[in-house]
1. Over all distinct Cα pairs, what is the inverse of the mean 1/r for the range 53-137, reported as the Kirkwood hydrodynamic radius in Å?
2. Which of ALA36, PHE314, THR269 sits closest to the plus end of the dipole of the chain, meaning its Cα is farthest towards the positive end, when Lys and Arg get +1 and Asp and Glu get -1 on the C-beta?
3. Report the one residue of CYS216, ALA452, THR22 whose Cα lies farthest in the direction of the positive end of the charge dipole of the chain (charges on C-beta: Lys and Arg +1, Asp and Glu -1; origin at the Cα centre).
4. Just to verify a number: what accessible area does ARG341 come out at with the full protein assembly present, 1.4 Å probe, Å² rounded to tens?
5. Report the Stokes-Einstein translational diffusion coefficient (µm² s⁻¹, integer) for the range 301-396, Rh taken as the Kirkwood radius over Cα pairs, at 10 °C with viscosity 1.306 mPa s.
6. Which order do you get for HIS212, HIS123 if you rank them by accessible area with a 1.4 Å probe, largest at the top?
7. Along the positive direction of the dipole of the chain (beta-carbon charges: Lys, Arg +1; Asp, Glu -1; about the Cα centre), which of SER104, LEU390, TRP484 reaches farthest?
8. Each label point is 7 Å from the Cα along the Cα-to-Cβ direction; what then is the distance between the points at LEU477 and ALA19, in nm?
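The values are calculated or read from the model by the stated rules, or taken from the named source; none is laboratory data. Note that the structure is a prediction, hence the values are computed from the model and not measured. A quick note on method: Cβ atoms are made from the backbone with ideal geometry, for glycine too, and the neighbour counts reach across all protein chains shown. Ligands, DNA and RNA are stripped out before the accessible areas are found, and what is left, the full protein with its side chains, is counted by its heavy atoms. Shrake-Rupley method; radii C 1.70, N 1.55, O 1.52, S 1.80 Å.
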Amino acid sequence: MHEAPKHHNGHLTSGRLLAKNTVWNLIGFTTPLLVAVFCIPVLIRELGKDRFGILTLAWALIGYASLFDLGLGRALTQLVARKLGAGEEREIPSLVWTSLFLMSFFGILGAGIIYGLSPWLVHRWLNVPVSLQAETIASFRLLGFSIPFVITSSGLRGLLEAQQRFGFVNALRIPMGVLTFVGPLSVLPFSRRLVPIVASLVLVRIVLWAAHLAVCLNVAPELRRSLAWRRSSVVPLMRFGGWMTVTNIVSPLLVTVDRFMIGALVSMTAVAYYATPYEVVTKVLLIPGALMAVMFPAFSLSFERDLERTALLFWKSLRSILLVLFPILLFTVVLAQDGLRLWLGADFAQHSYRVLQWLSVGVFLNSLAQPPFCFLQGIGRPDLSATLHLIELPLYLALLWWLISTQGIVGAAIAWTIRVTVDAIGMFWLARTRLPQRRAISLKVVLLPAVALLILLLAGTLEGPVVKAIFLIGTTLCFVLFAWFRVLTPEERSFTRTESV
């Protein structure tokens, strides 16, 4: 099955297309963040802290609404890409419509749950001021109306991603992200109540759902001619989506539990000392995230017909992440204390710089784990990564508790770094058993990251501005020379790219 002949879909894994789509994703991910920097202070000032706090919960609810799709959006991307790789394009329309019907059902179910739970959330769970409780309930119920549109939009986006149409994906993602912040701002001249502000968010989701549908019907006109339900597609969709849901539930726990445990064992001030460097350095993960969103359908497609191509894509994506992120995180480790002192003051720097250094090492390792994680999901084995995360969770909780109790917030950073190290080793081991050329790939995968990791750990021990400057200049020069002559290919050094690379 995996050695099917190559056909016209080969361009969907070309190096030029994947690189262009990665740039599109970086633009799509970062533009809303830049807009948020300017909009959030205005919203806080005009709405007040209580109403703005409720608005942030509304944003979070929209973000987590994807849990109601049970991983079907990701499943659709993977299965459509596999159909393209196998030359079975005729089966795609029924697969898409079956997925959208399922997602619509779960979206309506999710809307009903939000509608019913809103009073309980407001009165029993959230500390909402009495004067705002009525409009908060109405706002949450109104927001629930958008869930079917949010969920099915992710399915439509999954179809575009499977076909590497990331230009369209980000042409829709950017206005959606921007209007998430600009929409509430546009309501302020008329009202500061939550209901019209949330209504603007719902309206944006509905309009952009219609835009997603229109783009998909234009890109895949066969969808208009074949509106069908295929019962045989339900099981593979639900199987893949179910394991994705496990990951979607466990992963946020692995990401956020450290701050709650610091608050319980140390203090809320310690949470601030820890969370601030964490939020800064983990933004670097946007870079591998942008690349892996492109590689996910590429892995799915190439695995169906060209395993050697899959192995090449795996190595090149890993190499790209290492070359881009290592210098960024090297400077972060070396300049952690000085940078925090300039930004937040000497007291904050003294408490947080070791946290930033350890987390930088962890982010480096976590970034390198993205290709094997994406590869396993792309070839249809999300169960492997989900099982690994389930095993990690209780062990991480125990380690986190012990290290916070003995080392404070630095212990939390060490625990997080140990956890992502174990995760990376596990992901690489699971991926290696499913890749061809195991010996060659494993040598490349282990050697360069290991050397880079040792350099980062050494960088964290440096003291004094002169020593740091000499180390940064020398290491950077050696890194550039090594990357140029030993890592990049002759074609890449001469800036000539072909469709086969």
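1. 15.3
2. Of ALA36, PHE314, THR269, it is PHE314.
3. Comparing the listed Cα positions along the dipole, CYS216 ranks first.
4. For ARG341, the solvent-accessible surface is approximately 100 Å².
5. For the chosen part, D equals 100 µm²/s.
6. HIS123, HIS212
7. Projecting each Cα onto the dipole axis, the largest value belongs to SER104.
8. Result: 2.8 nm between the two label points.
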